[in-house]
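The structure appears below as structure tokens.
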Amino acid sequence: MTIQGYNYHYAKNREAWTEKFYNKHHPQHDEWTQKRSLFMDDELIDYDEEYRWSLESLEECEQVKIVWTSDNGHCLKIKWEHAAWWTGDIMHHYYCVMLPIDDVELLEPYDLKMKKVKA
């Protein structure tokens with residue numbers, strides 16, 4: 001089984017947001033469909049100001065908290081939930097992952113720094 005950590009889910013969340021942004025919201029959909037075939041999503045930030053603003057908004061909606069569930073005990077919950085700032089909110093977005101933490105090793109900052117991390 002491949003470990004799918006935070007970076008994986010962060011990227012999947014941004015990918016889902018980008019697809020929704022360009023397919024459901026963007027006013028010049030046809031023009032940007034062609035440009036998206038030429039540029040990577042991160043490169044589009046330099047050319048599409050509205051997309052850049054939408055990503056800034058998405059970054060601000062990340063929430064991290066600890067929740068308790070009867071099946072898994074305490075879990076670290078990371079979610080991105082976004083309600084758009086424009087009227088008609090067709091861009092509602094929800095992406096959530098949870099990690100059971102009752103049986104994970106928690107380290108103090110110094111101990112974590114001194115621990116050798118497996119690559």
### Query
For His74, all conditions in the list (1) farther than 29 Å from Gln34 by Cβ; (2) surrounded by 14 or more Cβ atoms within 10 Å (Cβ to Cβ); (3) out of contact with any Asp or Glu (no Cβ under 7 Å at 6 or more places or on another chain) hold save one; what is the number of the exception?
(3)
### Message
If the requirement is being of a type outside the set (A, V, I, L, M, F, W, C), part of a helix (DSSP H, G or I), in contact with a strand residue (DSSP E or B) (Cβ under 8 Å, 6 or more places away or on another chain) and exposed (fewer than 14 other Cβ atoms within 10 Å of the Cβ), which of these qualifies: Lys12, Lys65, Lys20?
### Response
Lys12
## Note on the structure
Filtering the range 32-51 down to residues that are farther than 30 Å from Met98 by Cβ and surrounded by 11 or more Cβ atoms within 10 Å (Cβ to Cβ) yields Trp32, Thr33, Lys35, Arg36, Phe39, Glu43, Leu44, Tyr47, Asp48, Glu50
### Summary
Residue pairs qualifying under the 7 Å Cβ cut-off, at least six apart or on distinct chains, with the first in the range 1-25 being touching a residue at least 24 places away in the same chain (Cβ under 8 Å) and the second being surrounded by 14 or more Cβ atoms within 10 Å (Cβ to Cβ) and among the small types (Gly, Ala, Ser), are Phe21/Ser54
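Laboratory data are not the source of any read-out in this text; all were calculated from the coordinates shown. Since the model is a prediction, treat every value here as computed from it, not as a measurement. Ideal geometry is used to build each Cβ from the backbone, glycine not excepted, and the neighbour counts take in all protein chains shown.
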